[in-house]
Amino acid sequence: MSIASILLFSAIAAAPAGEQAAMADYNVIPLPRHIEVPGNDYFVLDGRTKIVRGEGVSEKDADFLSEYIRQSTGIECHVTGQARKNAIWLSVSASCGQNPDGYTVTVDKTGIHVSGNSSDGLFHGIQTIRKSLPVGEYDEVAFPYAEIMDEPRFRYRAMHLDVSRHFFDKDFVKKYIDLLALHNMNFFHWHLTDDQGWRIEIRKYPLLAEKSCRRDYTVIRRDYDRNDGTPYGEGCYFTQEDIREIVQYALDRHIRIIPEIDMPGHMLAALAAYPQFGCTGGPYKVWTRWGVSDQVLCAGKDETVQFAKDVLSEVADLFPCRYIHIGGDECPKTEWKECPDCQARIVSEGIQQGSAESVEDALQGWFMKEMTDFLKTKGKTVIGWDELLESGAAGDDMTVMSWRGTEGGIAAAEHRMDAIMVPHSYLYFDYYQTDDRSQEPFAAGGKVTVEKVFNYDPYDGIPEKDRKYIIGVQANLWTEFIAEPSHAEYMVIPRIDALSEVQWSPLESRQYADFLKRLRRQLNLYDMLGYNYARYVFE
Ligand code: ACM
Ligand code: ZN
């Protein structure tokens, strides 16, 4: 089929694989803010089209576009320094406002002009071109003349991945980062440590990698009386070299990695290797079941506080991102109430209950603040789960991740603290996604459908005056019941598509039926890239 015959039949949809020409479609996910297609004229991209790298454009970004076009269509477009026509011009300039994530695309008879307000914005524009492409083997792709102006609704757009409960290796983490890039996200929250496994090499404490990565067995689902009898996690951790490689991989895709070292709870794996940092001295075992453990770091011992700072110090050096997540969720105070060291700390620091739920909660506040102040000396901003707000220590130098509901985010914003919305009832992707559980892999209890994600508004319940503190939105993937990459992909896609619209697109322009149409087209890309996904929205 030629371009002329496509125009004749005005076949807007992609031609099936094997055809020689097809149309680009700018109605991608997330939907650009403003798309104007003024008429019926087209620019035709083919093997003679060049990619022109303008001033301030990295070789990598230009190469990405070249590779995306080749992957999706088989057409080879080479990168060059200049061209007069038949080109895709890439540039960085503040053309469509101040938003660094913003970009414009103009398609006219000379070709395609993509201009980012920053290199991040350009990269998002490149992703839009990529997603506009038909998927198949083609000689030509027709791009309707167009003006696209786009920028995100929220400046923080992320997904989380738990690699503790089950380990996901370097290749999968990269594939996951690729998925985030495809959806215009700019942060990746990497949950690296928990009770069931420690997954990052810390040079000063080598046993964390050697010992804390391995548990003796794993319970069967949620049945704590039965287990699989199989050791899990031996050697399953990221070396510092792996971390540096992944950090760079993400940065190349304009994504910053936020490492999470969850403390002072969720530390049983570390305690198994270094029992002296607990209240009782142990012995401890890397946990073989799920839930919330009473065994936590001792906030009273100076050596424990030093341990936590030492770990954060190495982590701060490894991750250039300004944010570090220090957890703070689900830390029972059972041991602290009995521990002479913890009680002595309360006295020596003059810790008062104040607005906290108990004096031991205030002790957690003291611990979190100690870490926050330490990290500040390294130029870092702390993120913590919304329990931060109950410790009486939360200050406006901390960012709150609201997970138990939206209340944490609402309260944080009221106190002029930045907040990231991750309410579990909308954005926990380890939950079931349909009513028919018999057809789904075993999952954590709740239910979050694609439509529910899509209809979530992070500003719900936030007064106008506080909205500037809601910096963004993410979804979490906890992996107690997810052990395989293809299963992880199944849980994430297509809920991530709905999430990306919540993060990026204005509320007014979001229509679920229209989204589903665009999603159907996006599946071609997932098939081509080898991602697994849930199909129930189409069944
Ligand atoms: C969490 O889900 N415990 C943050
Ligand atoms: Zn203690």
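We did not get these values from a lab; they are worked out from the coordinates using the rules stated. It should be emphasised that the depicted structure is a prediction, and the values quoted were computed from it without experimental measurement. Cβ placement follows ideal geometry from the backbone for every residue including glycine, while neighbour counts extend to all protein chains displayed.
If you go through the range 479-512 and keep only what is part of a helix (DSSP H, G or I) and of a type in the set (A, V, I, L, M, F, W, C), you end up with A488, M491, V492, I496, A498, L499, V502, W504, L507. Any chance the range 174-184 includes a residue that's of a type in the set (S, T, Y), closer than 21 Å to C236 by Cβ and buried (at least 20 other Cβ atoms within 10 Å of the Cβ)? Taking every residue of the range 174-184 in turn, at least one turns out to be of a type in the set (S, T, Y), closer than 21 Å to C236 by Cβ and buried (at least 20 other Cβ atoms within 10 Å of the Cβ). Take residues that are surrounded by 14 or more Cβ atoms within 10 Å (Cβ to Cβ) and over 26 Å from the mean Cα position of the chain (by Cα) and tell me which of the strands (runs of 3 or more DSSP E) falling wholly in the range 32-105 contain 3 or more. The qualifying strands (runs of 3 or more DSSP E) are 42-46, 50-53, 87-92.
Screening V473 with (1) out of contact with any helix residue (DSSP H, G or I) (no Cβ under 8 Å at 6 or more places or on another chain); (2) within 16 Å of ligand 1 (Cβ to nearest atom) gives one miss only, at (1). Just one of the listed residues (A270, A250, A299) is within 30 Å of S58 (Cα to Cα) and touching a residue at least 24 places away in the same chain (Cβ under 8 Å), namely A250.
The residues of the range 372-417 that are of a type in the set (D, E) and either under 29 Å from T449 (Cβ atoms) or out of contact with any Ser or Thr (no Cβ under 7 Å at 6 or more places or on another chain) (or both), listed by number, are D373, D386, E387, E390, D396, E407, E414. Every condition in (1) buried (at least 24 other Cβ atoms within 10 Å of the Cβ); (2) in contact (Cβ under 8 Å) with a residue 60 or more places away in the chain is met by T399 except one, and the failing one is (1). Taking the listed residues V311, V305, V292, V315, the one that is touching a residue at least 24 places away in the same chain (Cβ under 8 Å) and not in a helix (DSSP H, G or I) is V292, with no other qualifying. So, in the range 49-84, how many residues would count as being of a type in the set (D, E) and touching a residue at least 40 places away in the same chain (Cβ under 8 Å)? Of the residues in that region, 1 qualify. Note on the range 354-377: among residues that are free of Cβ contacts under 8 Å to residues at least 40 places away in the same chain and either assigned to a helix (DSSP H, G or I) or within 16 Å of ligand 1 (Cβ to nearest atom) (or both), the one that is farthest from L389 (Cα to Cα) is K376.
Within the range 333-353, identify whether any single residue is away from ligand 2 (no atom under 16 Å from the Cβ), touching a helix residue (DSSP H, G or I) at 6+ places or on another chain (Cβ under 8 Å) and part of a loop (DSSP other than H, G, I, E, B), and answer yes or no. Checking the range 333-353: at least one residue is away from ligand 2 (no atom under 16 Å from the Cβ), touching a helix residue (DSSP H, G or I) at 6+ places or on another chain (Cβ under 8 Å) and part of a loop (DSSP other than H, G, I, E, B). Taking the range 244-285 as the range and being of a type in the set (V, I, T) and within 16 Å of ligand 1 (Cβ to nearest atom) as the test, the residues that pass are I258, I261. Within the range 286-293, can one find any residue that is more than 16 Å from ligand 1 (Cβ to nearest atom) and surrounded by 19 or more Cβ atoms within 10 Å (Cβ to Cβ)? Looking for residues that are more than 16 Å from ligand 1 (Cβ to nearest atom) and surrounded by 19 or more Cβ atoms within 10 Å (Cβ to Cβ), one finds at least one in the range 286-293, hence yes. When you scan the range 186-209, how many residues do you find that are aromatic (F, W, Y) and in a loop (DSSP other than H, G, I, E, B)? Of the residues in the range 186-209, 1 are aromatic (F, W, Y) and in a loop (DSSP other than H, G, I, E, B). Of the strands (runs of 3 or more DSSP E) lying entirely inside the range 114-165, those containing at least 2 residues that are closer than 30 Å to I261 by Cβ and not charged (D, E, K, R) are 156-162.
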